[in-house]
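The values are calculated or read from the model by the stated rules, or taken from the named source; none is laboratory data. Since we're looking at a predicted model, the values are computed, not measured. Cβ atoms come from the backbone with ideal geometry, glycine included; neighbour counts cover every protein chain shown. SASA here: full protein model, heavy atoms, side chains in, ligands and nucleic acids out. Shrake-Rupley method; radii C 1.70, N 1.55, O 1.52, S 1.80 Å.
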Amino acid sequence: QVQLVESGGGLVQAGGSLRLSCAASGRTLSSYAVGWFRQAPGQEREFVATISWGGGRTASADSVKGRFTISRDAAKTTVYLQMNSLKPDDTAVYYCAAGLYSRSWYEYSYWGQGTQVTVSS
């Protein structure tokens, strides 16, 4: 079993930055890819970015490309989502998930509780 906890969400002005963290509890993330997804009110869950278990491959959604960066620490215990140039449309609950390297939410087996990101105009 893998337990994930997100942190770092909050309120930020448009154009600002925020860094989200996803930490494993009870087990490291060394054997899993980790993805970030988000869900805005009334919207479907949306892919944001993912990173392979070894950290050698990453992928991100076109809507965040050039602004968001996914990374993981050397010990593969924590995955980060650095969010720059934030826009009001980025407002959502952000979730991290562990599983297969994929852009599809259903390829991930373990999910965190989510952290709210609100971007004001």
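Figures for the structure shown
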{"item": "Qualifying positions in region 48-73 - closer than 14 Å to residue 89 by Cα and within 10 Å of the chain's Cα centre (by Cα)", "result": "48, 68"}
{"item": "Residues satisfying the stated conditions in region 46-70, i.e. among the small types (Gly, Ala, Ser) and modelled with pLDDT under 95", "result": "52, 54, 55, 56"}
{"item": "Test result for residue 85, surrounded by fewer than 16 Cβ atoms within 10 Å (Cβ to Cβ), in contact (Cβ under 8 Å) with a residue 40 or more places away in the chain, among the hydroxyl-bearing types (Ser, Thr, Tyr) and touching a Lys or Arg at 6+ places or on another chain (Cβ under 8 Å)", "result": "yes"}
{"item": "Residue match in region 13-27 (condition: touching a Ser or Thr at 6+ places or on another chain (Cβ under 6 Å), open to solvent by 70 Å² or more (accessible area, probe 1.4 Å) and at pLDDT 95 or above)", "result": "yes"}
{"item": "Output for region 71-117, where each listed residue is within 10 Å of residue 35 (Cα to Cα) and of a type in the set (A, V, I, L, M, F, W, C)", "result": "79, 81, 96, 97, 98, 100, 105, 111"}
{"item": "Residues of region 72-86 satisfying the condition of being touching a strand residue (DSSP E or B) at 6+ places or on another chain (Cβ under 6 Å), of a type outside the set (Val, Ile, Thr) and either assigned to a loop (DSSP other than H, G, I, E, B) or modelled with pLDDT of 95 or more (or both)", "result": "80, 81, 82, 83, 86"}
{"item": "Candidate set: region 1-12, residues that are surrounded by 14 or more Cβ atoms within 10 Å (Cβ to Cβ) and outside any strand (DSSP E or B); chosen: the one modelled with the lowest pLDDT", "result": "2"}
{"item": "Selection count, region 34-60, where residues are open to solvent by less than 40 Å² (accessible area, probe 1.4 Å), part of a loop (DSSP other than H, G, I, E, B) and either in contact with a Leu (Cβ under 9 Å, 6 or more places away or on another chain) or in contact (Cβ under 8 Å) with a residue 40 or more places away in the chain (or both)", "result": "2"}
{"item": "Some residue of region 103-116 being assigned to a loop (DSSP other than H, G, I, E, B) and in contact with a Cys (Cβ under 8 Å, 6 or more places away or on another chain)", "result": "yes"}
